[in-house]
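Only one structure is covered here, and it is reproduced in the block below.
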Amino acid sequence: MKKYCVGVDVGGTTVKLGVFLCDGTLLKKWEIPTNKEDHGAKIVPEIASSIQETLQAEGIAYDAVEGIGMGVPGPVLEDGTVNRCVNLGWGVFCVKKALEEATSLPVTVGNDATVAAVGEAWQGGGKGYSSVVMITLGTGVGGGIVLHGKPLHGVHGAGGEIGHMFVVPEETEVCGCGKKGCLEQVASATGIVKEARKALASSMMPSALRGVDPLTARDVCDAAKAGDELAKGVLEKLGHYLGLAMSHIAEVIDPEAFVIGGGVSKAGKILIDVSEKYFKEYSFHACRSAVITLATLGNDAGIYGAARMVIDEE
Ligand SMILES: [Zn+2]
């Protein structure tokens, strides 16, 4: 019986890797820099040799490894073909085949946000639930869906692109994706800072945030936790739109749990409470009992989810 699996999370600056027991125990994790030379042509060979070296150093026999799972920052089709990863310089190619040829192990590939959701559903905030939606509030807003234990990649590899859900009809600025009114524009770290600046400029309300420069999402969250009314207003607006987006998602897929991760989720209970309040107000009664909880694996969610996808292939 195969005992081990390997999880790989490819990011724009580092590749995170982990060797796991198939029961979900993380044995060893490490990182290598993402080599973006030659349009990212060296990324897959360097991942392959790093895995081979580490397995050897750990005394793990190659034939005891079930396979390698990998999350990449872009859309992935069902056959393991990536459809452009701008961050890595990749165009359209079958990354599954490339890593299989380089390692002679079975490889499963998914979009990084979906893979992180698989990780949180397996060993993180969504543990114990089989249908989980993960929403990552970072520089942008990412999302991933696990339905009845299976990742939902979607036909175009864009399943769970929650950040670009249209929720703010009155938005005048353009999102990074080219549309207007995306959730990402109000619920990301960037969005929080933008909304706080707007609130500061449009009112005379006293606030600890006045004069703070550079202003970060963390400053806004910390001020809200300390009771600053203006900062609380910014989080209230975020909670309204996040609750609205979650109510729409719940009415389509009816999950057991929403897991909120990413840097902004460090705001903690105040963020959960405010988004839950609006989620309950906006959602249909039959799906209103979905749990809203915080992610627990942090930056390791990707390697956990990638490893889990290998086991799912059995
Ligand atoms: Zn967008």
Worksheet, complete the sentence: Share of accessible surface on carbon and sulfur in the range 128-296, whole %, 1.4 Å probe and ligands ignored, is 59
Discussion item. Taking 8 Å as the Cα distance limit and 6 or more residues as the minimum spacing, I'd like the relative contact order of the chain as a percentage.
Written reply: 21
Practice prompt. Would you work out which of C94, G262, V118 lies farthest towards the positive end of the dipole of the chain? Charges go on Cβ: Lys and Arg +1, Asp and Glu -1.
Written response: G262
Discussion item. With θ taken as phi - 60° and the coefficients 6.51, -1.76 and 1.60, list the Karplus ³J(HN,Hα) couplings across the range 182-192 in order, rounded to whole Hz; mark glycine and proline as x.
Written reply: 6, 3, 3, 5, 10, 10, 8, 4, 4, x, 4
Discussion item. Using 0.36 nm times the number of residues separating E170 and K42, minus their current alpha carbon distance, what extension gain do you get?
Written reply: 41.7 nm
Worksheet item: Share of the range 14-95's accessible area from carbon and sulfur, percent, 1.4 Å?
Response: 51
Discussion item. Straight-line reach only, C-alpha to C-alpha below 19 angstrom: list the lysines that K36 could link to, leaving out same-chain residues fewer than 8 apart.
Written reply: K16, K96
Discussion item. For the range 66-206, what does the relative contact order come out to in percent, with C-alpha contacts under 8 Å and a separation of six or more?
Written reply: 17
Worksheet entry | HN-Hα J in Hz across the range 21-38 - Karplus 6.51, -1.76, 1.60, θ = phi - 60°, x for Gly and Pro | 6, 5, 8, x, 7, 7, 8, 7, 10, 7, 9, 10, x, 7, 8, 8, 4, 6
Worksheet item: On average over all directions, what projected area in square nanometres does the chain have, based on the convex hull of its Cα atoms?
Response: 16.6
Discussion item. Taking 35 Å as R0, compute the FRET efficiency from the Cβ-Cβ separation of C177 and I270 and round it to 0.05.
Written reply: 0.80
Worksheet, complete the sentence: Rounded to the nearest 10, the angle in degrees between the Cα long axis of helix 112-123 and the longest principal axis of the Cα atoms of the chain comes to 80
Item to complete: Report, in degrees rounded to the nearest 10, the 0 to 90 angle that the Cα long axis of helix 229-253 makes with the longest principal axis of the chain.
Response: 50
Discussion item. What distance in nm lies between label points placed 7 Å from Cα along the C-beta direction at S202 and K150?
Written reply: 4.5
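Over the range 128-296, with the other protein chains present, what is the accessible area per residue in square angstrom, probe 1.4 angstrom?
Working: 7740 Å² over 169 residues.
Result: 46 Å² of accessible area for each residue.
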Discussion item. What are the ³J(HN,Hα) couplings of the range 278-284, residue after residue, when phi is run through the Karplus curve with 6.51, -1.76, 1.60 and θ = phi - 60°? Round to Hz, x for glycine and proline.
Written reply: 6, 4, 5, 5, 8, 8, 5
Fill in: Label point 7 Å beyond Cα of L21 along Cβ direction - residues of the range 284-314 with amide nitrogen under 16 Å
308
Worksheet entry | With Cα atoms, 0 to 90° folded angle of helix 43-57 axis to the chain main axis | 70
Response to the item:
Bridge orientation stat for the chain from DSSP, antiparallel percent rounded to 5, came to 60
Worksheet item: Rounded to the nearest 500, what is the chain's calculated 222 nm mean residue ellipticity when only DSSP H runs of at least 4 contribute -39500 (n - 2.57) each, over all residues?
Response: -11500 deg cm²/dmol
Worksheet entry | Inter-probe distance in nm under a simple model that places probes 7 Å from Cα toward Cβ, at H285 and R218 | 4.5
Worksheet item: Given springs between every Cα pair under 10 Å in a Gaussian network model of the chain, which of V168, V132, V44 has the largest fluctuation?
Response: V168
Worksheet, complete the sentence: Counting only residues 5 or more apart in sequence or on a different chain, those whose built amide H sits under 5 Å from that of R84 are V92, F93
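Only four residue types carry charge here, +1 at the Cβ of Lys and Arg and -1 at the Cβ of Asp and Glu. Report the dipole size of the chain about the Cα centre in Debye, rounded to the nearest 20. Mind dumping the intermediate values first?
Working: 28 positive and 38 negative charges, 128 e Å.
Result for the chain is approximately 620 debye, rounded to the nearest 20.
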Worksheet, complete the sentence: Reported to the nearest 10 Å², C287 has, with a 1.4 Å probe, an accessible area equal to 10
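The values are calculated or read from the model by the stated rules, or taken from the named source; none is laboratory data. Please read these numbers as outputs of a predicted model, since none were measured by experiment. Here Cβ is always computed from backbone atoms with ideal geometry, including for glycine, and neighbour counts include all displayed protein chains. These accessible areas exclude ligands, DNA and RNA; they are computed on the full protein's heavy atoms, side chains included. Shrake-Rupley method; radii C 1.70, N 1.55, O 1.52, S 1.80 Å.
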